[in-house]
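Reading through the structure tokens given below for one structure.
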Amino acid sequence: MRILVFNWRDITHPAHGGAEVYTHEVLRRLVTDGHVVTLFSARSAGQSQSESIDGINHVRAGSRFGVYRAARNWYAQVGSGQEHDVVIDQINTRPFNCQAWVQDTPVVGFAHQIAKEVWFAEFPLPAALLGRYVLEPRWLRQLRHLPTLTVSNSSRQSLLDAGLQRVVVVPEGVDVPKAQPMTKAQSPTAIFVGRLAANKRPDHAVEAVLLARRVIPNLQIWVVGDGPLASRLSGLDGVTLFGRVSHQEKQSLMAKAHVLVATSVREGWGLVVDEAAAVGTPAIGYDVAGLRDSIGASGGWLVEARPEAMAQQLVEVMPSLVGAKAQSIKGGAVSWDDVADEFLASLTQMVAIA
């Protein structure tokens, strides 16, 4: 199959996240199986206009907001002259609206989540109101007849509520780590992993730990990731900032921590929950879309979306976690090989009936 994907970022973009990891892990396996894949995305400073990564043909143009116009222009000038069996419109809040300008090839949507509450975390008023109640609903209404893939039941329901009619869930994937001794930190340790941005609410995770330290004085939190809120979190007692680390170091830190704390406004799924579970670390997370899927599947604890509720849960569960033997936890994600197989099967079915 010849596959063309439009996405606002790729795996090498400095602000890439879980959606880009998912996309890359699936696409590189499709290439290995003999499929031809092209990925068009925005171009950030230092990125080349084109290159091949793991066999995926990368094409880059446009900025964070300009990528949508750049994609349409590129397709009109170059892409439409190539032969593709399917075009995937990867929806990160704003879709590329490919079905309006790709006339010769079936189009399938792919969305991890819709933004909804994220607008208020990332944008000031009145832009947040405009995005939440005008722009995003309008964009999604345009996709109501577009067959669409997503990664969780929460996201599927959100898309259906927004008016989409054909939405299929393909599960999240997780790397199965090589066998390693799961020696926990000596002091009670929580870990936050993610971009240090308002929609992930790392400040809530830190505040929860600082509140819980009133009862557990030696409780600490490791913060893994970078972003605009990093400076706000530095220099606090019991808080260690690691910045962005390699995948191997991330796995090691998660294995040593006693519990992962997840405080996002919403998620498509919450891949870090399964990554932590795979190395024997359970999760406490806010009861929001996406996290209720991943944490529910891994047997963790869901709490009301307040630092005080997170702190109370930390105080309750930490004594049973410190000193306990670490064991791998079964989560809701499956191997990336299985994800790629299911993704391709669902994609092929959608193309056949498009």
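Just a few scattered comments:
- Test: GLY34 is in the same structural domain as PRO147 (by TED's automatic domain parsing) and touching a residue at least 24 places away in the same chain (Cβ under 8 Å): no
- Meets criteria (closer than 27 Å to HIS24 by Cα, in a loop (DSSP other than H, G, I, E, B) and not assigned by TED's automatic domain parsing to the domain that holds ALA277) for PRO177: yes
- Wholly enclosed helices (runs of 4 or more DSSP H) of region 54-130 bearing at least 1 residues touching a residue at least 24 places away in the same chain (Cβ under 8 Å): 67-77, 118-122
- Filter pass, LEU321 being surrounded by fewer than 24 Cβ atoms within 10 Å (Cβ to Cβ), more than 19 Å from GLY173 (Cβ to Cβ) and at pLDDT below 95: yes
- Residue, nearest to SER158 (Cα to Cα), within region 106-125, restricted to residues that are of a type outside the set (A, V, I, L, M, F, W, C) and modelled with pLDDT of 95 or more: GLY109
- Of the criteria (1) surrounded by fewer than 23 Cβ atoms within 10 Å (Cβ to Cβ); (2) in contact with a strand residue (DSSP E or B) (Cβ under 7 Å, 6 or more places away or on another chain); (3) closer than 21 Å to ALA15 by Cβ, which one VAL167 fails: (3)
- Matching residues in region 237-254 - criterion: being closer than 19 Å to PRO307 by Cβ and at pLDDT 95 or above: GLY238, VAL239, THR240, LEU241
- Boolean, VAL259 is farther than 14 Å from ALA205 by Cβ and among the β-branched types (Val, Ile, Thr): no
- Residues of region 274-294 that are buried (at least 24 other Cβ atoms within 10 Å of the Cβ), in a helix (DSSP H, G or I) and over 14 Å from the mean Cα position of the chain (by Cα): ALA276, ALA277.
- Near pairs, Cβ below 6 angstrom, 6+ apart or cross-chain, from region 155-169 (under 11 Å from HIS112 (Cα atoms) and outside the structural domain of GLY290 (by TED's automatic domain parsing)) to any residue that is modelled with pLDDT under 95 and not in a helix (DSSP H, G or I): SER155/GLN113; SER155/GLY268; SER158/ILE114
- Per this entry, ALA111 is not counted among residues that are among the aliphatic types (A, V, I, L, M) and over 22 Å from the mean Cα position of the chain (by Cα).
The values are calculated or read from the model by the stated rules, or taken from the named source; none is laboratory data. Bear in mind that the values here come from a model prediction, so they are computed numbers and not experimental data. Quick reminder, even Gly has a Cβ in these numbers, built from the backbone with ideal geometry, and neighbours come from all protein chains shown.
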